Amino acid sequence: GALWLAALAAPRWKEPWLWAVFIGGAALFAPSIAWIQVPLQTWTGKGIDALFSQEGIQHYILLMAIPSVLLSGLVQEAAKLLPPLLYLWRRHVAKPKAGLCVGAMAGVGFGVLECQWVLNMIFTSGWSWQTVNLMGYQALFGFWERFFSVAFHTASTALATYGLTRGKGWQSYLLVAFLHSLLNYGIVLMHAGLLGSIQLEVYVAVGATAVMAIALWLRWRPATRPAI
């Protein structure tokens, strides 16, 4: 998280109030998942179960999983945007690069808390260095994936707030929510047998790197106006 934050938000991360945005992004991770995303996905799943047989659902899993995957992107990207929206409104920030930095703070906070949650499950399941001896490099996939997942969370919220300050708020939100869902769709592709475990990790890494590259380009490209 520190690496991606330094890449996108430096030197603005030294501003004290930006850390309130970081804390806000981190604090919204659990409520957004437990109180909004999971209930919506549960209700959606029950609706699909009521309309289709289990055989039909499994046969058309690539289609049936789309509503649940879309909800993950829509809910999480909306939650991450709340602290930056409040900061931009209170501080009257209108410069796109400044907005991008604010978004990066919220995104990295959210991503780090998600990372902590996932790694906690990995360690409580019994992971140790002996697991690496038994499974080889595949035992490190969870750490590899979290590294790039934090990058995606940081960059996606940065892009959303960049678009917001340019008057493209809902468009940029829907774009990053779609990209988020597309990244999560890799799990569906793996369950459908279209991706292996290694291919899934490459899928996540390439997707996250592409989004981060766009955010870095917008952050550090030469300014046509006076620098912020």
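The values are calculated or read from the model by the stated rules, or taken from the named source; none is laboratory data. Just so you know, these numbers come straight off a predicted model, no measurement behind them. Cβ: placed from backbone, ideal geometry, glycine included. Neighbour counts: every protein chain shown. The area values use the complete protein model at the heavy-atom level, side chains included, leaving out ligands, DNA and RNA. Shrake-Rupley method; radii C 1.70, N 1.55, O 1.52, S 1.80 Å.
Farthest towards the positive end of the charge dipole of the chain, among the residues W217, T44, L3, is the Cα of W217, using unit charges on the Cβ of Lys, Arg, Asp and Glu. For the chain, the per residue solvent-accessible surface stands at 55 Å², with DNA, RNA and ligands left out and a 1.4 Å probe.
Among the lysines of the chain, pairs that are 8 or more positions apart or on different chains and have alpha carbons within less than 20 Å of each other number 7. The listed residues V206, V69 rank as V206, V69 when sorted by accessible area, largest first, using a 1.4 Å probe. Surface composition of the chain: carbon plus sulfur atoms hold 71% of the accessible area, using a 1.4 angstrom probe and ignoring ligands, DNA and RNA. The angle between the Cα long axis of helix 197-220 and the main principal axis of the chain comes to about 10°, on a 0 to 90 degree scale.
Note on V211: accessible area approximately 10 square angstrom, rounded to 10, probe 1.4 Å, nucleic acids and ligands left out. Helix 66-91 versus the longest principal axis of the chain: what angle, 0 to 90°, nearest 10, using Cα atoms? On a 0 to 90 degree scale, this one is about 20.
Round to the nearest 10 and give me the degree value, 0 to 90, for the angle of helix 141-165's Cα axis relative to the longest principal axis of the chain. Orientation of helix 141-165: about 40 degrees from the principal axis.
Build a GNM of the chain with springs between Cα atoms under 10 Å apart, and of Y87, Y185, Y60 the one that fluctuates most is Y60. The distance from the alpha carbon centre of the stretch 132-155 to that of the stretch 49-92 is 23 Å, rounded to a whole number. For the pair M121 and N133, label points projected 7 Å from Cα toward Cβ lie 2.8 nm apart. Local charge for R166 was computed over the other residues whose Cβ lies under 11 Å away, with Lys and Arg +1 and Asp and Glu -1, and equals +3.
For the residues Y137, Y173, a 1.4 Å probe over the protein chains yields an accessible-area ranking, largest first, of Y137, Y173. Sorting F52, F152 by accessible area puts them as F52, F152; the probe is 1.4 Å, largest comes first, and only protein heavy atoms count. The phi torsions of the stretch 100-106, fed into the Karplus equation with coefficients 6.51, -1.76 and 1.60 and a -60° offset, translate into couplings of 4, 5, 4, x, 4, 5, 5 Hz, rounded to whole numbers, with Gly and Pro shown as x.
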